[in-house]
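Right, one structure below, let's go through it.
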Amino acid sequence: MLAFPIQTAMSSSPPSMEMDEVRTRAKSLLSSSGSAQNVKAEVQIMAALESLKRLVKALSILEKYGCNLTCPARPRYWRSVKHNNPVFRTTVDAIKGGRRVLYLYGYTNQQIDGLSFPDEVSEPDAEKVAAVTLEVMTLRMELKHTLQNKRMLHLWGLNYSKNLLLSSPFAASECNLCGTASSLVCPSCDSQMFCDACDDLFHRHPARANHKRDKIQRTKPETCSICGISTVHAQCFTCVQRLCVNCDKLFHSHPDRKGHNRTIVTPAKTSSPSLSPWECSHCTTWQCKSCTVVNQGSSILCEVCERPRLATRPPVAPVSSNPGSLSDSGAKWTCQFCTYVNTKPTVVCEMCNLSCKDSPGNSLSEPPQQTLSITKDQLQPAMKPLPKPRLNLDLRRQKTMKDDGLSLIQQIREAEKRGVSPEEVYAALCMCSDSNINPCDWLTSELPHLLDEICAMSARQNGGDVKLSRAEAKLAWLATGGDIDRAVSQLLRDRQVKMRELHSLGFRDVAKCEEALRQSGGEVKGALSLLQRPLLEPFHQRIWSEQAEPAIDPKHPDKQVSLRRLLALYDLPSWGRCELVLSLLQEPGVSHSLEDVVQAVKESHDKDFIRRLLNNECPCCLSIFPRSKMQSLTSCQCSVCHECFGQHFTIAVRDKHIRDMVCPVCGEPDINDPEQLDSYFSTLDIQLRDCLALDVYELFHKKLTEHALMKDPKFLWCCHCTFGFINDGDQLKVTCLSCRKSFCVQCKKPWEPQHQDLSCEQFQQWKRENDPEYQRQGLAGYLRDNGITCPHCRFQYDLTKGGCMHFTCSQCRYQFCSGCNNPFHKTGCKTPPCNLSCLHAHHPRDCLFYLRDWEPPRLQALLTLTFYNKGNWLCCVLCDSDTCGVMVQRDEGSQQIDSPCGIQTQPGQAGLCEKHYREYLVSLINAHSLDPALIYDSHELIRACERYQVDTQRGENEDDNLFHARLLKKLMEVPLGEKVPRKK
């Protein structure tokens, strides 16, 4: 017959008639004598009775499982048995051997939440199940008859309960309140032992809230001397070690240790992990919350109302006047995995977070609560009042477990986003559970110090001569779940295992092995690489020191020789990378060098990607180069070969301006952006240091220095030569340090004695009145003296502003409009409404760019409209020549030469051609800040408003005059050009 050793605990289930008699007799003895020894025998009989009753209930459940399997109409979920079912935990798991019966039934497949039949088994073995079920039924009936024989119980109960309970290894560590396995001991309560639940209830009282409890340490079986995890299986007298099954097979597989004599200590058993013993933690009776009927522990549904055991009391339906109204009974549903009653129509269970096949909408409605016709006293006339059920405590435990689980899952998900593993999160929670520190923050700030402490503790424990790394300490700390003491022991055990492995491979120097393991982070392969490298060094020197090393031939007949040389010379990460190098070199039409291919293979193992790295076309010379031989600037994505890169910037430094040192492909960056230009030159200096000759690099630094000096407000360009310098004086007259000629600081004109003690305007007026040469030149001299001045470096050009308005300074390469001094942009600019990405500039409305298209009479009308008289803009001394004598710049051959205009003049235009006469009139308009909007027509006014983003929407019932006046007023509120030259 089957034997079921019992390991149960006392419960609060209702006593039977026999228990009442024993309890009454014990109370009378205790009240009369007051000695516990007098009632000890009676209490032992009570314990034996309770244990036998629980065993009978467990056998009833097992019997029902067997009958369900042999029945032709088996239940829907006959293939699996769930561990988290509370009925299963309080009955079958409460006895030893309960799961072994399920294993005999055919439940041999271990699942996460229980046992199940293997997938290949479609039907249970009916004969075997029937035989086991018959044994279970026989044992249950024997126990039942034993319980009914009072005389036999009285004679047998004392010895049986004593031998049964006192022989249990957990008898001395049971909870003093509920009888389950204890986990805490309280020295303040006379060293009483409690489980977690009873400790929470008992020490909730204010008088006992400050008691300090200690955890009960349980002894563990002896573990393997190598892995330290599995139990000992065999003892080797030659090695003097006690090993588990796996370590024994691995360790003695070495040829030198195959003949060792071992003795089996404990035979290796391959039993199912689900057959471990369990202890009863609750009583095996339960009270229905709907109809208050006390049911047996073997039953899952209530015997009266047929509601599940964990179902809560259904809500009371409101009284309706309509007798045909029905209450909504489909809101609750029971999870098929954990039998938890969910009160919300969710897709997954609130407790186990698993999706149920039967959705809330398809679940059967709960049966209506039946009204009992008999009272509670009539149903149980001889029973005493029941104690308060423990259901509220169970619900609280379930809620606590659910909240803790959801919180842990949330922390793990947040940690995974930051690259932290769940094992690290769990170990960090064990360390900082008492504080509000985030586990990820704790791992960043405190874990390195903790790992150093673990290494130090391990070194002290081993005598101080071991060298450990943080990587090893972290692995040991994670393996022990955050326990520092266990991590220290685990770290030493792991190091000993690695040291033995290195010793077995022939490395006997302990100090070198320790240092190699420390440098490799505890990896044996890395330590072997470090230890083998000095051993191979003499061999390499002996082979290759006498003569030059021959080149590696990819077509060598012995492929292994080429692969080993590649692995030794070029430090490739693996043997497969070496084979990849040879395969690329053996492809037809390959012209790349071995070094280029090796460099590309080190970056990737993808052959297509490597081909792209090796084949890059230079946009300057159109040759093919590998990516490692291409150079790129930080301002763009263009790449050129090293030779083209060096030649381009060598020519730019020697023959061009420093602002011409841009990308040879796309011309980036924009030289008109000062911030971008400064950052560009700072990085360009680093790139040019290695690719330019020494003299060219020094010339680059000289030009870079001049470029920086030009930003100084006191920097001046000589008007006689191209020399620039810094003037620290405060006088108008300054002398050039190069040509030793003098000029005016403000007007940049050659210095004359008449300029002394006169302002630039007064001196200009004096020249117009007294200098015959100036009077002979007329307005051509005026336009020359009021030529173009660079707004960036203030270099002055004696040229007119006619022709193309896009002017590039020869000194600083600044590109600007000669009429308004606003910069020209080659790409996008920072003006908010502008979306242009080509060459453009933003001109104000009084710029020569717009006014040069006006006819001279219209410009004269703008001057006449104001306080200006016509005689003021006509020169009193006219030029005698019939051609215009204004100096302009012309391209002749490969040079730019300044020469007179030479265009035929018109009467009434002061000896100037029409183009230069318009320029003269515009200079007068700009000198007196006249607004050309005063004579705009309707079309020009609307276009100007649109250019300045002025609202041009016509109002209701607004005529043309009012609309024109309103737009003119808004447009004139926009200021004129700030940088327009206004010399008088």
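The values are calculated or read from the model by the stated rules, or taken from the named source; none is laboratory data. Quick caveat: nothing in here was measured; it's all calculated off a predicted structure. Methodologically, a virtual Cβ is constructed for each residue, glycine included, from the backbone with ideal geometry; neighbour enumeration extends over all protein chains shown. Please note that ligands, DNA and RNA were not included when accessible areas were found on the heavy atoms of the full protein model with its side chains. Shrake-Rupley method; radii C 1.70, N 1.55, O 1.52, S 1.80 Å.
Assorted remarks:
- The simple Förster model, with R0 at 35 Å and r as the Cβ-Cβ distance, assigns GLN541 and ARG418 a FRET efficiency of 0.15.
- Using a probe of 1.4 Å, the accessible surface attributed to HIS806 totals some 60 Å² when neighbouring protein chains are kept in position.
- Estimated at 0.36 nm per residue, the fully extended path between ILE686 and GLU587 surpasses their Cα-Cα distance by 31.8 nm.
- Ranked packing of 246-253, 913-920, most packed first, by mean Cβ within 10 Å: 913-920, 246-253
- Note on ASP690: accessible area is roughly 140 Å² with a 1.4 Å probe, heavy atoms of protein only.
- Accessible-area composition of segment 719-770, carbon plus sulfur, in percent [1.4 Å probe]: 45
- Neighbour net charge for THR70 - beta-carbon separation under 15 angstrom, K R +1, D E -1: -1
- Shown for segment 45-109: the carbon plus sulfur share of the solvent-accessible area, taken with all protein chains present and a 1.4 angstrom probe, equals 56%.
- Amide H to amide H distances under 5 Å link CYS744 with LYS749, TRP751, where only residues 5 or more positions off or on other chains count and H is placed in the peptide plane.
- Among ILE112, ILE651, the order of accessible area from largest down is ILE112, ILE651, computed with a 1.4 Å probe on protein heavy atoms.
- For GLY114, residues with placed amide H under 5 Å, excluding near neighbours: HIS83
- Cβ-Cβ FRET estimate between ASN957 and GLN410, R0 fixed at 60 Å, reported to 0.05: 0.35
- Full extension of the segment from ASP485 to SER188, taken as 0.36 nm per residue of separation minus the current Cα-Cα distance, would add 104.2 nm.
- The slack in the chain from GLN519 to LEU354, taken as 0.36 nm per residue of separation less the alpha-carbon distance, amounts to 54.8 nm.
- For the residue pairs LYS344/LYS399; LYS702/LYS830; LYS467/LYS525; LYS714/LYS767; LYS656/LYS703; LYS830/LYS979, the alpha carbons lie more than 20 Å apart in LYS702/LYS830; LYS714/LYS767.
- Net charge over other residues, Cβ less than 14 angstrom from the Cβ of ALA479 (K, R count +1; D, E count -1): -2
- Solvent-accessible ranking of SER421, SER938, largest area first, probe 1.4 Å: SER938, SER421
- Residues in segment 905-965 average 52 Å² of solvent-accessible surface per residue, probe 1.4 Å, ligands and nucleic acids excluded.
- Formal net charge of residues neighbouring TYR936 (Cβ-Cβ distance under 14 Å; K, R +1; D, E -1): 0
- Distance between the C-alpha centres of segment 900-915 and segment 519-541: 91 Å, rounded to the whole angstrom.
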